[in-house]
Amino acid sequence: MKKRIGILTGGGDCPGLNPAIRGCVYAGEKLGYEFIGFKDGWKGIVDGIYEPLNKEKTEYIIMQGGTILGTSRTNPFKKEENVKKVLENFKNLNLHALVAIGGEDTLGVATRLYEEYKLNVVGVPKTMDNDLNATDYTFGFDTSVTRAMDAANALIDTGRSHRRVMVFEVMGRHAGWVALFTAIASAADYVCVPERKIDGDDMVEKIKKAYERKKFALVVVSEAVEIAQEEKNPLKQEVDQFGHIILKERGMGEKIAKYIESKTGIETRHAVIGHMQRGGQPTLFDRILATRVGIKAAQLVHEGDFGKMAALKGNDVVGVPLKDATGELKTVSEEWFKLTEILF
Ligand code: F6P
């Protein structure tokens, strides 16, 4: 009888999940394993909802955004009985190993299942936010930023035509990578990232200068930013099952646009890309990276190297301890802030 591997995708979806599933199935089948895919993240293994996966089912998903397995932000550790159900289903479904594809939260659960229950778990990192430690890049990031970059280019066209300041809000949660890369790649005039409170005076001065020169300006804003000069600008406190603040209604792009207009008197508009930057076909980079980490996950299972995550280090894909990837976010570093001083 073939040994069986379960796969799940958890947390926010991003382009590259399907190529990662495919890479894992392709490699695993060659190594003699069979696969099942759990539906909707950890919810699928808690409730025992799954479907068989094989090469035929995954052959043409390399170009599809989202995840064929579905996803959710379910945290089994929220209820002790759910952890029990995960362990029972793992046993009852005769699993040899579980491959968890996800970001900080999903891999945090995988880490605990490995550390506390010695479950045969291997992780695959994904997130459009690129905020995961122990890997140089996560798939999903390249596609999302490429999409945001294209949108920013379009905003420049309309902003330039109307002689306006355009403020563009992107996702990225509490790390500024998405905003920073979008801003660099689209020749923005200013970037606001959550790692540092926005110095409103500095922003206004730089935008005025840019506007004087070319009669329009582009500002890229990360969704979780705060303006230092604002008296109180508390983050909304609604949280998900992992305790993360839900950012969707903060409207920082709009707030910053109003702030700029009120301080400069220049007509200003804002746009929010939202979930559009998370869907659609993965870029070449994400298809290849996702395929490679998916393949590596199957190899780690085969080698019995559990509690590891398939990580990109330089040009290599290697196994690193899952616990090194979770616990602390990878945020924009000093080195990058030095670059921003040159570019903005
Ligand atoms: O973590 C990925 C991400 O897209 C963040 O950038 C964003 O804040 C969040 O997910 C949005 O989550 P949801 O899809 O649950 O609204």
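Under the condition of being of a type outside the set (Ser, Thr, Tyr) and part of a loop (DSSP other than H, G, I, E, B), the residues counted in region 75-127 number 8. Which residues, counting only those in region 112-163, are assigned by TED's automatic domain parsing to the domain that holds Gly66, of a type outside the set (Lys, Arg) and without any contact (Cβ under 8 Å) to a residue 12 or more places away in the chain? Within region 112-163, just Glu116 meets the criteria. If the condition is being within 16 Å of the ligand (Cβ to nearest atom) and either surrounded by fewer than 24 Cβ atoms within 10 Å (Cβ to Cβ) or more than 22 Å from the chain's Cα centre (by Cα) (or both), then region 12-45 contributes Gly12, Asp13, Asp40, Lys43. Taking Gly28 as the residue in question, decide whether it is in contact with a Leu (Cβ under 6 Å, 6 or more places away or on another chain), under 27 Å from Glu116 (Cβ atoms) and not assigned by TED's automatic domain parsing to the domain that holds His244. Spelling it out, it is not the case that Gly28 is in contact with a Leu (Cβ under 6 Å, 6 or more places away or on another chain), under 27 Å from Glu116 (Cβ atoms) and not assigned by TED's automatic domain parsing to the domain that holds His244.
Yes/no matrix, rows are residues, columns are (1) surrounded by fewer than 17 Cβ atoms within 10 Å (Cβ to Cβ); (2) closer than 20 Å to His244 by Cα; (3) within 16 Å of the ligand (Cβ to nearest atom):
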| residue | (1), (2), (3) |
| --- | --- |
| Met63 | yes, no, no |
| Gly66 | no, no, yes |
| Lys79 | yes, yes, no |
| Val83 | no, no, no |
| Leu93 | yes, no, no |
| Val99 | no, no, no |
| Glu104 | no, yes, yes |
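Taking region 236-286 as the range and being loosely packed, with under 15 Cβ neighbours inside 10 Å and of a type in the set (A, V, I, L, M) as the test, the residues that pass are Val239, Ile246, Met276, Leu284.
The residue list Asp157, Asp136, Asp150, Asp142 contains one member that is within 15 Å of the ligand (Cβ to nearest atom), of a type in the set (D, E, K, R) and either surrounded by fewer than 21 Cβ atoms within 10 Å (Cβ to Cβ) or modelled with pLDDT of 95 or more (or both), which is Asp142.
Selection of helices (runs of 4 or more DSSP H) fully inside region 252-344 by the criterion of at least 2 residues being more than 16 Å from the ligand (Cβ to nearest atom) and more than 21 Å from Glu104 (Cα to Cα) returns 252-264, 284-302, 334-343.
Being touching a helix residue (DSSP H, G or I) at 6+ places or on another chain (Cβ under 6 Å) and either more than 16 Å from the ligand (Cβ to nearest atom) or not in a helix (DSSP H, G or I) (or both) is a property that Ala175 lacks. Among Val219, Val204, which is in contact with a strand residue (DSSP E or B) (Cβ under 8 Å, 6 or more places away or on another chain) and either in a strand (DSSP E or B) or in contact (Cβ under 8 Å) with a residue 60 or more places away in the chain (or both)? Going through Val219, Val204 in turn, the sole match is Val219.
Yes or no, residue by residue, for (1) more than 30 Å from Asn120 (Cα to Cα); (2) of a type in the set (Gly, Ala, Ser); (3) at pLDDT 95 or above:
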| position | (1), (2), (3) |
| --- | --- |
| Arg250 | yes, no, no |
| Thr264 | yes, no, yes |
| His275 | yes, no, yes |
| Gly304 | no, yes, yes |
| Leu312 | no, no, yes |
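Restricting Val165, Val109, Val204, Val122 to those that are more than 24 Å from Asn82 (Cα to Cα) and crowded, with 23+ Cβ neighbours inside 10 Å reduces the list to Val165. Scanning region 270-291 for residues that are touching a strand residue (DSSP E or B) at 6+ places or on another chain (Cβ under 6 Å), of a type outside the set (A, V, I, L, M) and over 13 Å from Asn18 (Cβ atoms) returns a single hit, His270.
Residue by residue, here is whether (1) closer than 27 Å to Ala97 by Cα; (2) without any contact (Cβ under 8 Å) to a residue 24 or more places away in the chain; (3) not hydroxyl-bearing (Ser, Thr, Tyr) holds:
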{"position": "Gly243", "(1), (2), (3)": "no, yes, yes"}
{"position": "Ile260", "(1), (2), (3)": "no, no, yes"}
{"position": "His270", "(1), (2), (3)": "no, no, yes"}
{"position": "Ala298", "(1), (2), (3)": "yes, no, yes"}
{"position": "Asp316", "(1), (2), (3)": "yes, yes, yes"}
{"position": "Asp324", "(1), (2), (3)": "yes, no, yes"}
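For Val167, state whether it is assigned to a strand (DSSP E or B), more than 21 Å from Ile36 (Cα to Cα) and either in contact (Cβ under 8 Å) with a residue 24 or more places away in the chain or outside the structural domain of Asp240 (by TED's automatic domain parsing) (or both). The answer is yes for Val167.
The values are calculated or read from the model by the stated rules, or taken from the named source; none is laboratory data. Here the structure is a predicted model, which means the values were calculated and not measured. Counting neighbours? That spans all protein chains shown, and the Cβs are built from the backbone with ideal geometry, glycine included.
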